[in-house]
1. Report the FRET efficiency, 1/(1 + (r/R0)^6), for residue 50 and residue 19, where r is their Cβ-Cβ distance and R0 is 41 Å, rounded to 0.05.
2. Among 125, 26, 106, whose Cα projects farthest towards the positive end of the dipole of the chain, with charges put on the beta-carbon of Lys, Arg (+1) and Asp, Glu (-1)?
3. Rounded, prolate or oblate, given the Cα gyration tensor of the chain, with a/c below 1.5 counting as rounded?
4. Quick check: at a probe of 1.4 Å, how many percent of the accessible area of the stretch 40-175 sits on carbon and sulfur atoms?
5. Please list 51, 8 in order of solvent-accessible area, largest first, computed with a 1.4 Å probe with all protein chains present.
6. Any chance you could look up the accessible area of residue 106 with a 1.4 Å probe, heavy atoms only, rounded to 10 Å²?
7. So, for the chain, what is the accessible surface per residue at a probe of 1.4 Å, expressed in square angstrom?
8. With charges only on Cβ, +1 for K and R and -1 for D and E, what is the dipole size of the stretch 72-175 about its Cα centre, in debye, rounded to 20?
Amino acid sequence: VLSVQSRRPSAYDEHQLALLFTVGHHAAVAIENSRHFEMATVDSLTGLFNRRYLYERIRGEMQRARRYNHPLTLICIDVDDFKQINDQHGHVFGDAVLHAVGEVLHGYIRQTDVPSRTGGDEFAVLLIETASDEGREAAEKLQRALRARMMELGPAAITFSIGIVTFLEPPRDID
C-alpha cells in the first residue's frame, strides 16, 4: 500500500498522480521480485538457504578468499538415522526436527555466514573468513546447541554427524 495524503481538496494534479502511480508500480515490482528471489533461494521448512544458493555463494567466496588470501570454512551437518526417526516417530516429528535444526543454525552463527539445507537431512554452514580452529569451535558450539534443542523435542535420541573443511588455511608458525 502506498498512501499519499493531503488535507487540501484536489491537491494532486494529473502529472503528480501519474508519478505516484509509476512509483507505486515500481515498488510493487520490486516487492514481487524480492518474494520470488526468496522462494528460489530459501528452504520453506527450515528458513535456511537452499543448496543452489549455497553453491553459488561458495564459488563467489572462494574467489574472494583466493584474492584476499582469507580462509573459508564449511561445516557439514547430517542428522543421523533420519529415516529411522521418520519411521518410528512420523514425518510430522521429522519435520519438527528439521525445523529445529534451522532455528539452531539461525541462532548460533554470525550474520555474515551462510546457513543452508543441502539435502533432506543434510545441512551446511559456510563460515566466511574463518580458519579451521575457529570453524572447529563453531562446529562444537553448534553440536552442543543442536543436542540441547533436540532434547527439548522429546522422545527420540537424535544425534548429528558434523565435519568441517577449510579452504586456504593460513600457515602456522612453527616453534
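1. That gives a FRET efficiency of 0.60.
2. Going by the charge dipole, the pick is 26.
3. Oblate, since a/c reaches 1.5 and b/c is not below a/b.
4. 50 percent
5. Ranking 51, 8 by accessible area, largest first, yields 8, 51.
6. 100 Å²
7. About 67 Å² of surface per residue is accessible.
8. 260 debye
The values are calculated or read from the model by the stated rules, or taken from the named source; none is laboratory data. This structure is a prediction, so every number in the text was calculated from the model and none was measured. Neighbour counts are summed over all protein chains in view; Cβ atoms, including those assigned to glycine, are modelled from backbone coordinates with ideal geometry. Each accessible area value is taken on the protein alone, full model and side chains, heavy atoms only, with ligands, DNA and RNA left out. Shrake-Rupley method; radii C 1.70, N 1.55, O 1.52, S 1.80 Å.
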